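Working notes, structure below.
The values are calculated or read from the model by the stated rules, or taken from the named source; none is laboratory data. None of these values were measured; they are calculated from a predicted model. So basically every Cβ, Gly included, is an ideal-geometry build from the backbone, and we count neighbours across all protein chains shown. Side chains included, ligands, DNA and RNA excluded: accessible areas come from the protein's heavy atoms. Shrake-Rupley method; radii C 1.70, N 1.55, O 1.52, S 1.80 Å.
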Amino acid sequence: ISLFCLKTFLQKRGWSACWAINTSKKDHKLAEHAADLERKIKHLLQATQAKQVVLVGHGMGGLIAAWYARHLDEEKLVQQVITIGTAWRGTKMAIFGGGQARAEMLPSNPQLTDLVPSDTISTSIWSTDDPWVIPTESATPEGIHSVGVESAGHFEMLLSARVFRATITALTTPLGHHVDTPTV
């Protein structure tokens, strides 16, 4: 639901195979969310006859996409991971969340230290004004392309034309070659 506007934006610009996937089961850990995502990716690839996907995730959805690409993508089905407002190295705000995955989002969680997919192009779109990613540096881990967007809060990024343009840029520049892959 949260990426519906971005999905519509991309579809109107030629990415016809965009699917929005809800992964917000509070009782799941990141690894369990990623396993659910794997089933959905395989269904999408079968439906579109594509060879790979681009994963775009907001907040915890970005961590789930990165977890899948890093730990479960043995078949190299993910061409690229794009995250929006994602605390790659955890957030202090996780203490206010519920569910197992939220607890895994604490900065002290060692599972987040090796989350950057080693063989997958990754882009983090983030804002210093995001009150959910604390510290802000958590959104910009080493090894991935970083795009800062000014004056955008966590949920504002879901409606931001600047974030939408940054996503298009990530999909179409040499850093993230666009190869008509479905976007999840």
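For this structure, a couple of remarks:
- Yes/no for residue 137 being assigned to a helix (DSSP H, G or I) and either without any contact (Cβ under 8 Å) to a residue 40 or more places away in the chain or farther than 22 Å from residue 8 by Cα (or both): yes
- Scope segment 51-68; condition closer than 18 Å to residue 38 by Cβ and either polar (S, T, N, Q) or open to solvent by 10 Å² or more (accessible area, probe 1.4 Å) (or both); matching residues: 51, 52, 56, 60, 61, 67
- Counting the residues of segment 25-41 that are of a type in the set (D, E, K, R) and in contact with an Asp or Glu (Cβ under 9 Å, 6 or more places away or on another chain) gives 3.
- Filtered residues of segment 16-71 (kept if assigned to a loop (DSSP other than H, G, I, E, B), of a type in the set (A, V, I, L, M) and at pLDDT below 90): 17, 20, 21
- Test: residue in segment 91-106 that is open to solvent by less than 10 Å² (accessible area, probe 1.4 Å) and among the aromatic types (Phe, Trp, Tyr): no
- Residues satisfying the criterion are absent from segment 90-109 (criterion: within 22 Å of residue 16 (Cβ to Cβ) and either in a strand (DSSP E or B) or at pLDDT 90 or above (or both)).
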